[in-house]
1. What is the residue count in segment 137-163 for residues that are in contact (Cβ under 8 Å) with a residue 40 or more places away in the chain and either crowded, with 18+ Cβ neighbours inside 10 Å or closer than 25 Å to V62 by Cβ (or both)?
2. Could you run through segment 79-103 and say how many residues are open to solvent by 50 Å² or more (accessible area, probe 1.4 Å) and either over 30 Å from G138 (Cα atoms) or of a type in the set (S, T, N, Q) (or both)?
3. In the list K73, K67, which residue meets the criterion of being over 22 Å from L120 (Cα atoms), open to solvent by 70 Å² or more (accessible area, probe 1.4 Å) and within 18 Å of the chain's Cα centre (by Cα)?
4. Select from segment 30-57 the residues that are outside any helix (DSSP H, G or I), among the aliphatic types (A, V, I, L, M) and either within 30 Å of S89 (Cα to Cα) or open to solvent by 80 Å² or more (accessible area, probe 1.4 Å) (or both) and list them in ascending order.
5. From the list V134, V60, V125, V113, exactly one residue is surrounded by 12 or more Cβ atoms within 10 Å (Cβ to Cβ), free of Cβ contacts under 8 Å to residues at least 60 places away in the same chain and touching a Lys or Arg at 6+ places or on another chain (Cβ under 7 Å). Which is it?
6. If I go through segment 3-29 residue by residue, how many of them are open to solvent by less than 90 Å² (accessible area, probe 1.4 Å) and either assigned to a helix (DSSP H, G or I) or modelled with pLDDT under 60 (or both)?
7. Report, by residue number, each residue of segment 127-165 that is more than 25 Å from E42 (Cβ to Cβ), modelled with pLDDT of 95 or more, not in a loop (DSSP other than H, G, I, E, B) and not hydrophobic (A, V, I, L, M, F, W, C).
Amino acid sequence: GESFSFGGGDPFGGMGGGGFGGSPRRRVAAPMEHKIPCTLEELFMGCAKKFKISNTVLTVDVRKGWKEGTKIKFENPAITFIVQEKKHSFLARDGDDLRWQCKLTRAQSIKGVALTVPMLDGTEVKVSTKGERVYHGGAMAIAGHGMPIKGGPARGNLVIEFKITD
């Protein structure tokens, strides 16, 4: 994942010299690690999370599109926050894409149906399968309706995966 550091100080992390004639190395305690549980909606929209760590309140500004495993480092106190993605009830993240499973009967897959997919920001994506070749295990990608891509306004795809039942 990515890492972000906050706070000033020695760019070499206090790794003093050592060895022959140098000053002795200081032991730097490993930073504490703390998981930041985030819903898919929070990772989609961005949010602020506050944590109280030994009488200090730290705010982590979770940015749009951050992924599970993203690390945010603070130096005072020495702590690393790690983004942890919570499971969503009907959407799954796959990189920058969002996946949604759509169950259709064989008759619906042949005839075609109008689908409405609720999105993480409260909007809906409307899609028709009429005239499309829909089969079990097949998928349809809707460009620009996935997760925000870090560093710009672009977004991944919404991928609708079809499961056909009898």
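The values are calculated or read from the model by the stated rules, or taken from the named source; none is laboratory data. For clarity, every value in this text was computed on a predicted model and none was experimentally measured. With ideal geometry, Cβ positions are generated from the backbone for all residues, glycine too; neighbour counts draw on all protein chains shown. These accessible areas exclude ligands, DNA and RNA; they are computed on the full protein's heavy atoms, side chains included. Shrake-Rupley method; radii C 1.70, N 1.55, O 1.52, S 1.80 Å.
1. The total comes to 13.
2. 3
3. K73
4. A30, M32, I36, A48, V57 - these are the residues of segment 30-57 that are outside any helix (DSSP H, G or I), among the aliphatic types (A, V, I, L, M) and either within 30 Å of S89 (Cα to Cα) or open to solvent by 80 Å² or more (accessible area, probe 1.4 Å) (or both).
5. Only one candidate passes the filter, namely V60.
6. Residues in segment 3-29 being open to solvent by less than 90 Å² (accessible area, probe 1.4 Å) and either assigned to a helix (DSSP H, G or I) or modelled with pLDDT under 60 (or both): 17 in total.
7. S128, K163
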